[in-house]
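Each remark here refers to the structure printed beneath this line.
The values are calculated or read from the model by the stated rules, or taken from the named source; none is laboratory data. What you see is a predicted model; the values in this text were computed from it and never measured. Positions of Cβ are generated from backbone atoms using ideal geometry, with glycine treated the same way; all protein chains shown enter the neighbour counts.
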Amino acid sequence: MQRFMADFDLPMMLISKFIFNILPCKNDLILVLDRTNWKFGNSNINILMLGICYKNIAIPIIFKILDKRGSSDTLERIGLVKQFIYWFGKDCIDCLLSDREFIGENWLGFLNDNRIRYHIRSRNNFKVFCFDKNEEKPVFWLFNRLKIGEFYHHPKIVKINGVLCYVSGTKSLRRDGKLDFLILISFSKPEQSLEYYKKRGQVESLFKAFKSSGFNIENTHVTDQKRLKKLFLIVMIALVWCYKIGDFIDENIKPIKIKKHQRRVFSVFKYGLNSLNNILISNFNKMNINILQFMSCT
């Protein structure tokens, strides 16, 4: 294992294309961009991930290990999206989702120039220029009059961070009783932005599967970037394998139990992980499924 991690060449393109090829759907893909990090000793592990929304999880497809703390920069985000387009084409993309960390004139300008649809959360205090009123104001002002839970998309194109876009939003109450806004900026179809953005949470499920609710990858204490990259690529394959097994068993053999509050006892990924663990450890396959077929591209 040590020799493999130190010496074996494992190209990301090979793994990314393999995962893409075993996906059941390859069109109208909803991409989600997010970042996860953890700390071991004096080392900061910071990973920028591009995933594909699929049912209730984001399938990992491309990532970049950031050699720094904190947020990614525009060139790193653009590089990841360009890599995806180079390998898989732009026509398969429906839209891209991301949180308010992923905002900025050059980044949004790149998406606009390439006509990549997006729904990205904005900070409430960003300035928006409204052409119909010829004035600039904080973007949350457009949604101040909404009732709690009401959704509104501004019908006119505006300018945020120097970029033309549409804006929509909703008002809510936080747990401490204070008002909050969910404001989304979009390339097009702002009336659909909230429904699309709800899928962004699937990347959080992905990171949980990588970490505390699955592989506990941070517990390996790997900090060398080359070795960590290989480890991540291997875990990406294992994660997709587990999810496909869990999905098959849930839909065809034994559905996951639903609790009284209508949530599953555990996730589809965890269902597959537990099933795969039982088969590999006990060498007993009581469901009589071919676990290797889930890694086939045919």
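Some values worked out for this structure:
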{"quantity": "Only listed residue being buried (at least 22 other Cβ atoms within 10 Å of the Cβ) and over 30 Å from residue 256 (Cβ atoms), chosen from 103, 45, 120", "calculated": "120"}
{"quantity": "All positions within the range 214-234 that are within 15 Å of residue 276 (Cβ to Cβ) and surrounded by fewer than 18 Cβ atoms within 10 Å (Cβ to Cβ)", "calculated": "234"}
{"quantity": "Enumeration of residues in the range 175-203 that are under 25 Å from residue 60 (Cα atoms) and either loosely packed, with under 15 Cβ neighbours inside 10 Å or not aliphatic (A, V, I, L, M) (or both)", "calculated": "186, 187, 192, 193, 195, 196, 197, 198, 199, 200, 201, 202"}
{"quantity": "Residue in the range 284-296 that is in contact (Cβ under 8 Å) with a residue 12 or more places away in the chain, surrounded by 11 or more Cβ atoms within 10 Å (Cβ to Cβ), small (Gly, Ala, Ser) and in a loop (DSSP other than H, G, I, E, B) present", "calculated": "no"}
{"quantity": "Condition met for residue 3 (farther than 26 Å from residue 108 by Cα, outside any strand (DSSP E or B) and more than 18 Å from the chain's Cα centre (by Cα))", "calculated": "yes"}
{"quantity": "Output for the range 52-71, where each listed residue is surrounded by 19 or more Cβ atoms within 10 Å (Cβ to Cβ) and either modelled with pLDDT under 90 or of a type in the set (A, V, I, L, M) (or both)", "calculated": "52, 57, 58, 59, 61, 62, 66"}
{"quantity": "Residue among 79, 89 that alone is at positive phi, more than 15 Å from the chain's Cα centre (by Cα) and not aromatic (Phe, Trp, Tyr)", "calculated": "89"}
{"quantity": "Residue list for the range 77-100, restricted to those being out of contact with any strand residue (DSSP E or B) (no Cβ under 6 Å at 6 or more places or on another chain) and surrounded by fewer than 20 Cβ atoms within 10 Å (Cβ to Cβ)", "calculated": "78, 79, 82, 85, 86, 87, 88, 89, 90, 91"}
{"quantity": "Residue pairs meeting the criteria (Cβ under 6 Å; at least 6 apart or on separate chains; first more than 18 Å from residue 43 (Cα to Cα) and in contact (Cβ under 8 Å) with a residue 60 or more places away in the chain, in the range 223-243; second of a type in the set (Phe, Trp, Tyr) and crowded, with 19+ Cβ neighbours inside 10 Å)", "calculated": "243/269"}
{"quantity": "Among (1) more than 22 Å from residue 186 (Cα to Cα); (2) surrounded by 13 or more Cβ atoms within 10 Å (Cβ to Cβ); (3) out of contact with any Cys (no Cβ under 9 Å at 6 or more places or on another chain); (4) touching a residue at least 60 places away in the same chain (Cβ under 8 Å), the one test that residue 34 misses", "calculated": "(1)"}
{"quantity": "Qualifying residue in the range 20-36 (condition: of a type outside the set (S, T, N, Q), in a helix (DSSP H, G or I), under 25 Å from residue 238 (Cα atoms) and more than 17 Å from the chain's Cα centre (by Cα))", "calculated": "yes"}
{"quantity": "Total residues in the range 164-173, condition crowded, with 20+ Cβ neighbours inside 10 Å and under 21 Å from residue 113 (Cβ atoms)", "calculated": "3"}
{"quantity": "Which numbered condition residue 119 misses (of (1) within 22 Å of residue 209 (Cα to Cα); (2) at pLDDT 95 or above)", "calculated": "(1)"}
{"quantity": "Selection within the range 253-282 - over 24 Å from residue 202 (Cβ atoms) and surrounded by 15 or more Cβ atoms within 10 Å (Cβ to Cβ)", "calculated": "279"}
{"quantity": "Conditions (1) farther than 16 Å from residue 203 by Cα; (2) touching a Lys or Arg at 6+ places or on another chain (Cβ under 8 Å); (3) in contact (Cβ under 8 Å) with a residue 24 or more places away in the chain; (4) not charged (D, E, K, R); number of the one not met by residue 13", "calculated": "(2)"}
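Residues checked against (1) under 21 Å from residue 95 (Cα atoms); (2) of a type in the set (A, V, I, L, M, F, W, C):
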{"position": "21", "(1), (2)": "yes, no"}
{"position": "39", "(1), (2)": "no, no"}
{"position": "46", "(1), (2)": "no, no"}
{"position": "51", "(1), (2)": "yes, no"}
{"position": "55", "(1), (2)": "yes, no"}
{"position": "58", "(1), (2)": "yes, yes"}
